[in-house]
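Each remark here refers to the structure printed beneath this line.
The values are calculated or read from the model by the stated rules, or taken from the named source; none is laboratory data. Owing to the predicted nature of the structure, the values given are computational and were not obtained by experimental measurement. Note that each Cβ is placed from the backbone with ideal geometry, even for glycine, and that neighbours are counted across all protein chains shown.
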Amino acid sequence: MSDFSLAALYNALDEERTSRGLSWAAAVRQMSEPFTQGGSRPLAISTVTGLRTKAAAEGDGVLQMLRWLSRVPESFIDGASADGGTPLPAVAPHQVLRLDTRRLHAALNAARVERGLTWTQVANAIGARTTQSTLVHLSKGGRTGFPHVMRLTRWLNAPLADFVRITRR
C-alpha cells in the first residue's frame, strides 16, 4: 500500500507558494492565519519546509496546509489523482480543522468488532509500526500525525474528511 507523501505535500506547497509570489514566511503566515486569530501558535517555517525530509508530521498542522492548497489528503498518496477524493469541510476564516481522533477510534473499533479482530490484529493489519496501544489511545482524543492517520483511514476504506472536526481556534 502506498503511503501519504510528506515530500509530495512539500513540493505542492512550494509550487503554490511560488505561483503566488510568496516567500516561505509569507506563505506560512497565510497558512497559520486561522490559528493565530484564536490566539494559538502559528505554524513554524521549519515545520513546513521540513516536510521534504521528515517521516512524520503533526496532523492538525498538515490539515491547515491542505486547506491552504485546497487539496484532499488522499491526493498525496502515490498514484492518486490530485483532484479526486472527498474534500475537507469548508470552514470560515476564523475556524481551524482538527483531526477527530475519538471518531476515528470509534470507527476503528466498529470495524474491529465487525471483522472479529483484536486490537493487536488490527495493528498488525495496518502495519508500519502501528501498535495496539496507539490505536486504543485514540479514544482519549489526543493528537495523531501524517502519514499514520492516513494508514488508519485507508484500512477503514474511508476518506480522512470523515474524521475531521471544525473548531473556532
Completion exercise
Heads up, the helices (runs of 4 or more DSSP H) in the stretch 53-155 (entirely inside) with at least 3 residues that are β-branched (Val, Ile, Thr) are 119-126
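Quick grid of which residues meet (1) closer than 23 Å to Ala12 by Cβ; (2) surrounded by 14 or more Cβ atoms within 10 Å (Cβ to Cβ); (3) in the same structural domain as Gly61 (by TED's automatic domain parsing); (4) aromatic (Phe, Trp, Tyr):
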{"site": "Ala107", "(1), (2), (3), (4)": "no, yes, no, no"}
{"site": "Thr120", "(1), (2), (3), (4)": "no, no, no, no"}
{"site": "Asn124", "(1), (2), (3), (4)": "no, no, no, no"}
{"site": "Ser133", "(1), (2), (3), (4)": "no, no, no, no"}
{"site": "Pro147", "(1), (2), (3), (4)": "yes, yes, no, no"}
{"site": "Thr153", "(1), (2), (3), (4)": "yes, yes, no, no"}
{"site": "Leu156", "(1), (2), (3), (4)": "no, yes, no, no"}
Handout entry: Conditions (1) among the polar types (S, T, N, Q); (2) within 30 Å of Ala125 (Cα to Cα); (3) at pLDDT below 90; (4) surrounded by 14 or more Cβ atoms within 10 Å (Cβ to Cβ): number failed by Ser2
Key = (4)
Exercise for the section: Considering each of Thr101, Thr167, Thr131, Thr118 in turn, give the residue that is hydroxyl-bearing (Ser, Thr, Tyr) and within 15 Å of the chain's Cα centre (by Cα). Expected result: Thr101
Handout entry: Output for the stretch 68-95, where each listed residue is at pLDDT below 90, under 25 Å from Ala26 (Cα atoms) and of a type outside the set (Gly, Ala, Ser)
Key = Val91, Pro93, His94, Gln95
Fill in the blank from the handout: Flagged in the stretch 156-167 as on the phi < 0 side of the Ramachandran plot, out of contact with any strand residue (DSSP E or B) (no Cβ under 8 Å at 6 or more places or on another chain) and not in a helix (DSSP H, G or I), in numbering order, are Ala158, Pro159
